[in-house]
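Chemist: Input: one structure, supplied below.
We did not get these values from a lab; they are worked out from the coordinates using the rules stated. All values reported here derive from a predicted model rather than from experimental measurement. All Cβ positions, glycine included, derive from the backbone under ideal geometry; neighbour counts span all protein chains shown.
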Amino acid sequence: MDFHRRIGASRIKVVRPEGELDLMTAPRFRNLLRQGHSRATGSPRVIVDLKAVTFMDCSGLRELCDAERWAAEQGGWLRVVHAQRGIATLLRATRLTDRFPRYASVRDARCDQMANCSP
């Protein structure tokens, strides 16, 4: 599992995990989602780009839920970019599609333009 993090000029953090997001990699994913945030940096705005994730289980999903709740409590948000059927199936099976609507690209997530169709 590789992780990439970038903070753009708009102060939106983009997190791009690659490979499998499971019980073994979830702690590192959690740290990356919250890393670099302090009250001085303002409300957290995080885009999680899952397009390079080949597998995600409930461990990764739990970290997304915790990070989304944390961001909302701080007055911010977390948006998820994905195109894989497996991730879409996991979100539907856990009834989290309303909490994590699908964005087709980081650009769409930045502009809050949700994808019209599911993968």
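Chemist: Bin width 10 Å, origin at 0, all Cα-Cα pairs of region 2-111: what percent of pairs per bin?
Modeler: That works out to 15, 53, 29, 3, in percent per bin.
Chemist: I've got another one for you. In terms of modelled amide H atoms, which long-range or inter-chain residues lie less than 5 Å from the amide H of Trp77?
Modeler: For Trp77, the qualifying residues are Arg45, Val46.
Chemist: Provide the percentage of antiparallel DSSP beta bridges, counting only those with both residues in region 2-111; round to the nearest 5. Show your work: numbers first, answer last.
Modeler: Values: 6 of 19 bridges.
Here the antiparallel bridges make up roughly 30 percent for region 2-111.
Chemist: Could you tally the net charge around Ser105, taking each other residue with its Cβ under 10 Å from the Cβ of Ser105, Lys/Arg +1 and Asp/Glu -1? Provide the component values of the computation, followed by the final result.
Modeler: Working: positive: Lys51, Arg107, Arg110; negative: Asp49, Asp108.
With Lys, Arg at +1 and Asp, Glu at -1, the neighbours total +1.
Chemist: Here's a follow-up. How do 92-99, 20-27, 68-75 rank on mean C-beta neighbours within 10 Å, highest first? If you can, show how the numbers build up before the last one.
Modeler: Working: 92-99: 11.8, 20-27: 16.6, 68-75: 15.0.
Output ranking for 92-99, 20-27, 68-75: 20-27, 68-75, 92-99.
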